[in-house]
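Participant: Take a look at this one; I'll ask things after.
The values are calculated or read from the model by the stated rules, or taken from the named source; none is laboratory data. None of these values were measured; they are calculated from a predicted model. Heads up, the Cβs are rebuilt from the backbone with ideal geometry, glycines too, and the neighbour counts pull from every protein chain shown. To get the accessible areas, we keep the full protein, side chains included, count just its heavy atoms, and leave off ligands, DNA and RNA. Shrake-Rupley method; radii C 1.70, N 1.55, O 1.52, S 1.80 Å.
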Amino acid sequence: MSSPAVESLRPLKVLFLTRYPVDGASSRYRVYQYLPHFEALGVQCRVQSFMSQAMYQLSFSKGRSLRKMWETGKAVLRRLVVLAGYGRYDIIYMQRELLPFGPPVIERFLRWRGATLVFDYDDALFIHKPSRYNPLASLLRSPDKVRQLFGIVHCVIAGNDWLRDEARKSGAQAETVEVAEDTVRIQPHGPHTNDVPVTLGWLGSSSTVKYLRLIEPVLVELAARNPQLRFEIMGGGEFSMPGVPWTLTPWSLDGELEALRRFDIGIMPLPDEQWANGKSGGKARTYMAAGVVPVCAAVGYNLELIDHGRTGFLCASHDDWLQTLHRLVGDASLRDRVGRAAREEVTRRFSPLVQAARLRAIFDTLVARARP
């Protein structure tokens with residue numbers, strides 16, 4: 001789908017229905033960061049998040065089931081109210097499902113009523129992963145619903161080619177739009193040096209910090225070999241690892257930028273399983289955008305994102321992890337070279353403006369097909 005000239009674009013009205021507020025990484029990267037670019041491309045945007053800010057924060061707490069049920073009920077009502085005006089929009093853009101539970105009844109109704117539906121996903125949602133904090137949410141989730149949606153919507157927007165191909169297997173028209181990264185918002189790392197303690201960092205959430213356990217022996221040995229090495233986790237909640245002196249920093253949008261300025265090396269361990277194929281490299285790409293050297297599991301999309309030895313490092317064994325990290329800790333010039341190449345790669349391949357223009361072109365094609 002080619003991008004039309006900006007001056008020829010007719011105004012479009014798009015209702016973006018996200019799962020999370022802007023604090024939620026998947027919604028921020030898949031929708032919110034594109035909004036100013038969409039507006040410049042003639043797309044009139046309305047965004048409605050299923051989760052309010054309060055509900056999003058509540059989702060990370062254990063227990064409190066009654067409060068969670070109350071907030072979920074309010075969220076459903078808010079979504080139904082905004083959907084009552086579906087006819088005002090050229091496109092209904094769903095970042096994940098309209099509702100996180102139940103069959104896709106509303107989606108079928110909207111399709112029957114002539115709404116043009118787009119389903120965006122950047123994770124293997126058709127593989128069941130239980131919620132760490134909300135067993136009720138795990139019970140209500142249906143991976144089959146996602147595959148049903150592939151056959152209902154007009155277009156699936158996937159975060160990587162593997163996700164795209166999985167949607168196509170279910171009969172969907174699907175396109176890959178890789179996650180963009182804003183190198184204007186994320187400033188480059190200063191020159192790497194060993195004149196101050198080197199920081200090895202991990203950026204994520206309390207639901208994914210468990211993957212650090214996959215390389216725990218490596219990190220313990222690395223800490224023992226390098227007593228001056230600084231370890232930092234941003235966004236992982238309460239976490240500890242005997243033998244590794246982690247500094248824990250709560251996540252915030254501005255705090256993320258400050259943490260990236262502190263990080264010298266960013267790590268991304270993942271299990272070698274099918275679910276990992278659905279990951280779209282967000283953590284690694286953020287490290288790269290900041291000029292932080294990414295060291296990542298050699299699985300899934302990471303193999304496409306990272307040019308091993310030039311824009312980052314891919315590790316398949318504990319020996320790979322230990323040797324790579326130990327070398328990087330001691331070699332500031334290597335970190336500097338790879339960090340600069342990584343940022344240049346992200347700037348070239350993952351511009352938010354370019355990705356927004358690609359989405360605008362897809363919207364135009366869908367709207368043209370929907371016209372009588």
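Participant: Subtract the Cα-Cα distance of ASP254 and ARG340 from 0.36 nm times their separation in residues, and report this length gain in nm to one decimal. Present the calculation step by step, with values, prior to reporting the outcome.
Facilitator: Details: separation 86, 0.36 × 86 = 30.96 nm, distance 2.23 nm.
28.7 nm is the gain from fully extending ASP254 to ARG340.
Participant: Oh, and also: May I ask you to derive the FRET efficiency for ARG262 and ARG371 from their Cβ-Cβ distance with R0 = 35 Å, giving the value to the nearest 0.05?
Facilitator: 0.10
Participant: Next question. Would you work out what percent of the accessible area of the chain, with all protein chains in place, is carbon or sulfur (probe 1.4 Å)?
Facilitator: 55 percent
Participant: Another question, if that's okay. Filter the DSSP H helices in the chain by two things, a Kyte-Doolittle mean of at least 0.5 and an axial alpha-carbon span of 20 angstrom or more, and list the hits by number. Walk me through the intermediate numbers first.
Facilitator: Working: long enough: 65-83 (27 Å, 0.21); 332-349 (25 Å, -1.21); 352-370 (27 Å, 0.70).
Span-like helices, by this rule, are 352-370.
Participant: Whole number in Å², please: accessible area per residue of the chain, 1.4 Å probe, ligands, DNA and RNA not counted.
Facilitator: Heavy-atom accessible area per residue stands at 43 Å².
Participant: Please compute the contact order of the chain in relative form: average sequence separation of alpha-carbon pairs under 8 Å and at least six residues apart, divided by the residue count, as a percent.
Facilitator: Values: 667 pairs, mean separation 61.8, N = 372.
Answer for the chain is 17 percent.
Participant: In nm, give the distance between the simple-model label positions of GLU273 and LEU214, each being 7 Å from the Cα along the Cα-to-Cβ direction.
Facilitator: About 1.0 nm, to one decimal.
Participant: Right, next: Indicate, rounded to the nearest 5 percent, the antiparallel portion of the DSSP beta bridges found entirely in the chain.
Facilitator: Values: 1 of 42 bridges.
Among the beta bridges of the chain, antiparallel pairing accounts for roughly 0 percent.
Participant: Compute the length gained on full extension between VAL196 and LYS169: take 0.36 nm times their separation in residues and subtract their Cα-Cα distance, giving the result in nm to one decimal.
Facilitator: Full-extension gain reported as 4.6 nm.
Participant: Quick one: compute the contact order of segment 295-334, relative version, from alpha carbon pairs under 8 angstrom and 6+ residues apart, as a percent.
Facilitator: Value for segment 295-334: 38 percent.
Participant: In the chain, how many lysine pairs have Cα atoms under 22 Å apart, counting only pairs 8 or more places apart or on different chains?
Facilitator: Lysine pairs satisfying the spacing and distance rule in the chain number 14.
Participant: At 222 nm, what helix-only mean residue ellipticity would the chain give, in deg cm²/dmol to the nearest 500, using -39500 (n - 2.57) for each DSSP H run of four or more?
Facilitator: -12000 deg cm²/dmol
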